[in-house]
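The structure under discussion appears below in the form of structure tokens.
The values are calculated or read from the model by the stated rules, or taken from the named source; none is laboratory data. Computed from a predicted structure; not experimentally measured. Ideal geometry is used to build each Cβ from the backbone, glycine not excepted, and the neighbour counts take in all protein chains shown. These area figures cover heavy atoms from the full protein model, side chains too; ligands, DNA and RNA do not enter into them. Shrake-Rupley method; radii C 1.70, N 1.55, O 1.52, S 1.80 Å.
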Amino acid sequence: AQSVAQPEDQVNVAEGNPLTVKCTYSVSGNPYLFWYVQYPNRGLQFLLKYITGDNLVKGSYGFEAEFNKSQTSFHLKKPSALVSDSALYFCAVRDIPGNTGKLIFGQGTTLQVKP
Amino acid sequence: SAVISQKPSRDICQRGTSLTIQCQVDSQVTMMFWYRQQPGQSLTLIATANQGSEATYESGFVIDKFPISRPNLTFSTLTVSNMSPEDSSIYLCSVASGGRAGNEQFFGPGTRLTVL
């Protein structure tokens, strides 16, 4: 079965420093991987996805993610964190085969960026 | 991207009652999804709703408890029936941006439900 894991419940960084939010996955075929962000009292917003191609994927708000097949990881990164990046981040994988469209989410990682 | 609205945005309900949550999308979509996010936890898929067919429920969720309607390609409802405090959650509607597996999903703002 497809699954994703986010090993850190919370990540703390200082504003201006680089940030990494970790995600590892387990799939039976080629992974379709996604990152979403949830701000307080708001729905999920799509950040970026990896389907195929370049291992470094760029997304919204200056975020990027690096797909590493050998380590089965898809870590979210940003070169310089902002206080406004503080939110809950979810990694997700699409349920393939079957193409049901179902997204399977990780546990979520709270990012705290301090001034 | 799709713009999704949900009603109500939040509600406080009494045990044993039912609440119907509405989801409206600004474009026609084939697949709509309903998720639950319990306090401090991740998202769990309740069911997938395709227009013109019965909803498909995930393990642990049943139609009697969470009946879903999908009358057209832009609208769906989820009812939380005979509520208990354990049903206190955020309920999110989601749509796929297209028919391909690599397409992202978009989410509504959620309905925050508190059951007393």
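For B:Arg112, work out the one condition from (1) assigned to a strand (DSSP E or B); (2) open to solvent by 70 Å² or more (accessible area, probe 1.4 Å); (3) under 22 Å from A:Phe90 (Cβ atoms); (4) more than 11 Å from every other protein chain (Cβ to nearest Cβ) it doesn't fulfil. For B:Arg112, the failing item is (4). Please enumerate the residues belonging to segment A:36-60 that are within 29 Å of B:Pro8 (Cβ to Cβ) and either surrounded by 11 or more Cβ atoms within 10 Å (Cβ to Cβ) or facing another protein chain (nearest Cβ under 10 Å) (or both). Within segment A:36-60, A:Tyr36, A:Val37, A:Gln38, A:Tyr39, A:Asn41, A:Arg42, A:Gly43, A:Leu44, A:Gln45, A:Phe46, A:Leu47, A:Ser60 qualify. For segment B:20-46, what are the residues that are away from chain A (no Cβ under 12 Å) and in contact with a Phe, Trp or Tyr (Cβ under 9 Å, 6 or more places away or on another chain)? Selection gives B:Ile21, B:Gln22, B:Gln24, B:Val25. Taking segment B:35-58 as the range and being closer than 16 Å to A:Phe105 by Cβ and small (Gly, Ala, Ser) as the test, the residues that pass are B:Gly40, B:Ser42, B:Ala47.
Taking the conditions (1) at negative phi; (2) out of contact with any Asp or Glu (no Cβ under 8 Å at 6 or more places or on another chain) in turn, A:Lys22 satisfies each one other than (2).
Does A:Phe90 qualify as being in contact with a Phe, Trp or Tyr (Cβ under 9 Å, 6 or more places away or on another chain), open to solvent by 20 Å² or more (accessible area, probe 1.4 Å) and of a type in the set (A, V, I, L, M, F, W, C)? The answer is no for A:Phe90. Every listed requirement among (1) within 11 Å of chain B (Cβ to nearest Cβ); (2) open to solvent by 30 Å² or more (accessible area, probe 1.4 Å); (3) among the polar types (S, T, N, Q) is met by A:Gln112 save one, (1). Is there a residue being within 10 Å of another protein chain (Cβ to nearest Cβ) and open to solvent by less than 50 Å² (accessible area, probe 1.4 Å) anywhere in segment A:3-19? Looking for residues that are within 10 Å of another protein chain (Cβ to nearest Cβ) and open to solvent by less than 50 Å² (accessible area, probe 1.4 Å), one finds at least one in segment A:3-19, hence yes.
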